[in-house]
Amino acid sequence: MAALVIAAMTVLRLVYASAIELRTDEAYYWTWSKETALSFLDHPPMIAWLIRFGTAIFGDTTLGVRFGGIVAMLVTQCLLADIVRRLTHDARAVALAVLMPEAALYYGLLMAKVAPDVALVPFAVAMMWSLVRLAQSGDGRWWLAAGLFAGLSLLSKFTAIMFAPAVAAFLLVPDWRGRWLRSPYPYLAVVVAIVVFSPVLIWNAQHDWASFRFQGVRATTNYGISLRTIGDYIGLQFGLVGFVMLPVVLLGLAMTAWRGYRTREPVAILLSTAVLVPFLYFFAKSLTLRVGDTWPMFMWPVGFAAAAVNLAMLPGEGWSARMIRSGIFWVNIAVVSGIAFVVIVFLYYVAAPWNLLGKMDPIGAEAGYEQVAARAQAALDETGATWIATTDYRTYAMMRWLFRDRGVPVIEINERGRFQDFRDPGMDGIKGHAGIYVGREPDNHGPVWDSIPAKREPLAQVERRWRSVLIDTYALDKLTGWTPELSPPKDSPLFQWRVLAGEFAKRELS
């Protein structure tokens, strides 16, 4: 039954990946996959490599861009199954461990929406799997495998560093700490992780440590305590992990932590700490800042494993039959209701004609760029312009995606700190030619234009709609008398990544 459910849900994700147009961040990461840069300002390069893997098979299609996430989900489930099998030897616990992700919207559907978090998940779980193998075998060479997967996790997203407290507790709290502290393997594992992570370190050393400084803004920004952002964080976890699943997993984690630290059992310490520390950290950040919906995504699969193992261990610990039946009942409710919720969300986006959330819809808010692209193409045809300019990375990414087969260069003329080491977009076809500027109102009147000597001639306005709901209005201008500068000085307002990092944090709060 579990295998049939997984097969059906995999088909569901394939349909979603094929049917829903790319969102702005997905298109942005797709532009990365076309570059040879070692790393990028916003994130490490793994997501670009994952997209390149999918597009090498299916081409530059929505399925090609998202296919890596579907594979990542299956790999994650295989690793969860083996972790739970090794710890419990209970087939029902194994089935539960692979079905719980299917019942969580984060994974049952949104693993088909590519993001750095999606690339991180299988490597993070693989690191936990390696440490479980280490605990069971006592073979220090598993430290090296853990170091490899730790490096690959960091190549996916910097939040992987939040597993460090769990690994430290796994090493230091159990009675074996003396043995491993005297062993070379944990130290070699750190070396392996650093070597694997070295492309990011090299790129940052060449670019003024840009990524770490950019991400540091989010880690240190403080706008004062806000009940709204706390509510957003808790609500998102209920919605994306599951309204019944989240309490079930948190209870399982609490019991696992109690068991692990009371008896100094390494794996229980590892699994519980790997989730509870990031969960509490994000809760603390939510007091003053909106936590992104995918930021905690990397930790919950470990929580699913811990909850499944915890349920299998209850009979051997002398818990009452009533308590055990209650646990099984609520887990079953969590899985059944969660899968039903994922299917309903899938049908809403793929088959339903309504917009029930208006501009707040997380998918609909980034839909409708085809309307903007169609009007931009008409403007190109009318004016003889040869290239498209934007002033925000979302519009840039969607225009580049939607014009990918038309040979029209698309350039974001500011925020050039995002595009360090990117290839030439085709300047020979830009110099001396008019361009079409596409900008969201009122951003099209931003102060960046004070630094651009181009002549702007208003052409048209176009509305971006999703299911009849107006999302945004865009202005189209003709640009003449100017050629964009791809590599402005770092103190130029057209470079501006430091300022943009602060603006990002403010936008997340609003």
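Here are the numbers:
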quantity: Residues within segment 46-91 that are within 15 Å of D117 (Cβ to Cβ) and either of a type in the set (K, R) or not in a helix (DSSP H, G or I) (or both), tallied; calculated: 1
quantity: Close pairs from segment 315-329: first in the same structural domain as A254 (by TED's automatic domain parsing), partner of a type in the set (D, E) and in a helix (DSSP H, G or I), Cβ under 9 Å, at least 6 apart; calculated: none
quantity: Wholly enclosed helices (runs of 4 or more DSSP H) of segment 309-406 bearing at least 2 residues closer than 22 Å to T483 by Cα; calculated: 369-383, 393-402
quantity: Pick from segment 360-401, criterion touching a Phe, Trp or Tyr at 6+ places or on another chain (Cβ under 6 Å) and of a type in the set (A, V, I, L, M), ranking: surrounded by the fewest Cβ atoms within 10 Å (Cβ to Cβ); calculated: I363
quantity: From A340, A378, residue being of a type in the set (A, V, I, L, M, F, W, C) and either over 27 Å from the mean Cα position of the chain (by Cα) or not assigned by TED's automatic domain parsing to the domain that holds G242 (or both); calculated: A378
quantity: Any hit, segment 240-255, residues being assigned to a helix (DSSP H, G or I) and surrounded by fewer than 14 Cβ atoms within 10 Å (Cβ to Cβ); calculated: no
quantity: Which listed residue, of A305, A257, is in contact (Cβ under 8 Å) with a residue 40 or more places away in the chain and closer than 18 Å to L87 by Cα; calculated: A305
quantity: Segment 270-300, residues that are surrounded by fewer than 24 Cβ atoms within 10 Å (Cβ to Cβ), among the hydroxyl-bearing types (S, T, Y) and under 19 Å from P122 (Cα atoms); calculated: T294
quantity: Considering residues of segment 343-370 that are out of contact with any Lys or Arg (no Cβ under 9 Å at 6 or more places or on another chain) and free of Cβ contacts under 8 Å to residues at least 24 places away in the same chain only, the residue nearest to R13 (Cα to Cα); calculated: L347
quantity: Conditions (1) at pLDDT below 95; (2) part of a strand (DSSP E or B); number of the one not met by S487; calculated: (2)
quantity: Pair list, Cβ under 7 Å, 6 or more apart: segment 152-164 residue farther than 16 Å from M128 by Cα and surrounded by 23 or more Cβ atoms within 10 Å (Cβ to Cβ), other residue of a type in the set (D, E, K, R) and modelled with pLDDT of 95 or more; calculated: K157/D117
quantity: Residue that is surrounded by the most Cβ atoms within 10 Å (Cβ to Cβ), among those in segment 169-202 that are farther than 19 Å from F123 by Cβ and hydrophobic (A, V, I, L, M, F, W, C); calculated: A169
quantity: Test: G260 is assigned by TED's automatic domain parsing to the domain that holds A17, in contact with a helix residue (DSSP H, G or I) (Cβ under 7 Å, 6 or more places away or on another chain), crowded, with 17+ Cβ neighbours inside 10 Å and farther than 30 Å from W176 by Cα; calculated: no
quantity: Selected residue (criterion: nearest to W295 (Cα to Cα)) from residues of segment 30-45 that are part of a loop (DSSP other than H, G, I, E, B) and of a type in the set (S, T, N, Q); calculated: S39
quantity: Whichever residue in segment 261-303 is of a type in the set (S, T, N, Q) and outside any loop (DSSP other than H, G, I, E, B) and, among such residues, is farthest from A146 (Cα to Cα); calculated: S286
quantity: Total residues in segment 87-129, condition under 20 Å from F158 (Cα atoms), of a type in the set (D, E, K, R) and modelled with pLDDT of 95 or more; calculated: 1
quantity: Failed criterion for E370 (all others in (1) over 28 Å from T294 (Cα atoms); (2) touching a helix residue (DSSP H, G or I) at 6+ places or on another chain (Cβ under 7 Å); (3) of a type outside the set (S, T, N, Q) hold); calculated: (1)
quantity: Residue within segment 109-127 that is among the aliphatic types (A, V, I, L, M), in a helix (DSSP H, G or I) and without any contact (Cβ under 8 Å) to a residue 24 or more places away in the chain present; calculated: no
quantity: Residue within segment 447-467 that is surrounded by fewer than 21 Cβ atoms within 10 Å (Cβ to Cβ) and within 21 Å of D42 (Cβ to Cβ) present; calculated: yes
quantity: I83 crowded, with 24+ Cβ neighbours inside 10 Å and under 18 Å from the mean Cα position of the chain (by Cα); calculated: no
quantity: Subset of segment 330-342 [of a type outside the set (G, A, S) and in contact (Cβ under 8 Å) with a residue 60 or more places away in the chain]; calculated: W330, V331, I333, V335, V336, I339, F341, V342
quantity: Residue check, V94 more than 19 Å from the chain's Cα centre (by Cα) and either of a type in the set (K, R) or not assigned by TED's automatic domain parsing to the domain that holds R404 (or both); calculated: yes
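Here's the yes/no breakdown for (1) assigned to a helix (DSSP H, G or I); (2) surrounded by 13 or more Cβ atoms within 10 Å (Cβ to Cβ); (3) assigned by TED's automatic domain parsing to the domain that holds E35; (4) at positive phi:
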site	(1), (2), (3), (4)
R418	yes, yes, no, no
R423	no, no, no, no
Y437	no, yes, no, no
N444	yes, yes, no, no
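The values are calculated or read from the model by the stated rules, or taken from the named source; none is laboratory data. Note that this is a predicted model, so its numbers are computed, not measured. As a convention, Cβ positions derive from the backbone with ideal geometry for all residues, glycine included, and neighbour counts pool all protein chains shown.
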